[in-house]
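See below for the structure under consideration.
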Amino acid sequence: MKKTIFVLALLLFIFAVTASLAVVTQEKASEEQVISVIEANSFAYCCIPHKGPFTDIEKVMKQLTLGLRNQNIYPAGAPIGIFYNSPADVRPEDLEWEMGFPITPRVNVQPPLKKKIWEFTRVVSTLHKGPFEKTGDTYTKIFEWMQENGLELAGPVLERYLTMPSPETKPEDMKAEIWVPCRKK
């Protein structure tokens, strides 16, 4: 009995040490921005498509959440933004983007919501940490990395918001996963 308790205690100790090492390793890794190609799964989502400046994001998110509530649709994941062009290439009023949420494939949606499928499975992925207004810096790093690795853009970019703005959230603690569909040049 004492031996069993000792073995269990030892296993718990090893588990605790291993878990703490994993957290330290993850914290060190998160200090450096890791950019990599991943294979993502396609998924259904509902959204509100929009043409106009990014200053409209809050308004579009309100429309989206109201549409979800009115249609009794429950998100199946974190909110997403999908961006079809860039402020570096077009005027703010010509930006095309959508805000949405993943949903189960069999959910039916009605206007103003639109149901779509994310079909881009090979993506360059990284985690942006900091104010969302600074994602441009992260995109610069992604596109430089893609250039160095012989990859080119193959579709709209997706941001999955892991942290949403709130009065309690510090801008430096905001997190978004970024996916850039890619293909070999």
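The values are calculated or read from the model by the stated rules, or taken from the named source; none is laboratory data. In this text, all values refer to a predicted model and were calculated from it rather than measured experimentally. Using ideal geometry, Cβ is built from the backbone for each residue, glycine included, and neighbour counts are taken over all protein chains shown.
Miscellaneous remarks
- Counted residues, segment 108-119 - those being surrounded by fewer than 18 Cβ atoms within 10 Å (Cβ to Cβ) and assigned to a loop (DSSP other than H, G, I, E, B): 5
- Near pairs, Cβ below 8 angstrom, 6+ apart or cross-chain, from segment 99-114 (in contact (Cβ under 8 Å) with a residue 40 or more places away in the chain and of a type in the set (Ser, Thr, Tyr)) to any residue that is surrounded by 15 or more Cβ atoms within 10 Å (Cβ to Cβ) and not in a loop (DSSP other than H, G, I, E, B): 104/44
- Tally of residues being of a type in the set (Asp, Glu), assigned to a strand (DSSP E or B), within 16 Å of the chain's Cα centre (by Cα) and farther than 18 Å from residue 34 by Cβ across segment 136-182: 0
- The single residue among 72, 85 that is assigned to a loop (DSSP other than H, G, I, E, B) and at positive phi turns out to be 72.
- Segment 92-107: number of residues that are surrounded by 12 or more Cβ atoms within 10 Å (Cβ to Cβ), over 30 Å from residue 36 (Cβ atoms) and not charged (D, E, K, R): 1
For (1) at pLDDT 95 or above; (2) among the hydrophobic types (A, V, I, L, M, F, W, C); (3) under 15 Å from the mean Cα position of the chain (by Cα), each residue gets a yes or a no:
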{"site": "29", "(1), (2), (3)": "no, yes, no"}
{"site": "38", "(1), (2), (3)": "yes, yes, yes"}
{"site": "52", "(1), (2), (3)": "yes, no, no"}
{"site": "63", "(1), (2), (3)": "yes, no, no"}
{"site": "66", "(1), (2), (3)": "yes, yes, no"}
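- Count of residues meeting criterion [charged (D, E, K, R) and over 13 Å from residue 52 (Cα atoms)] in segment 69-118: 6
- Qualifying residue in segment 123-139 (condition: polar (S, T, N, Q) and surrounded by fewer than 17 Cβ atoms within 10 Å (Cβ to Cβ)): no
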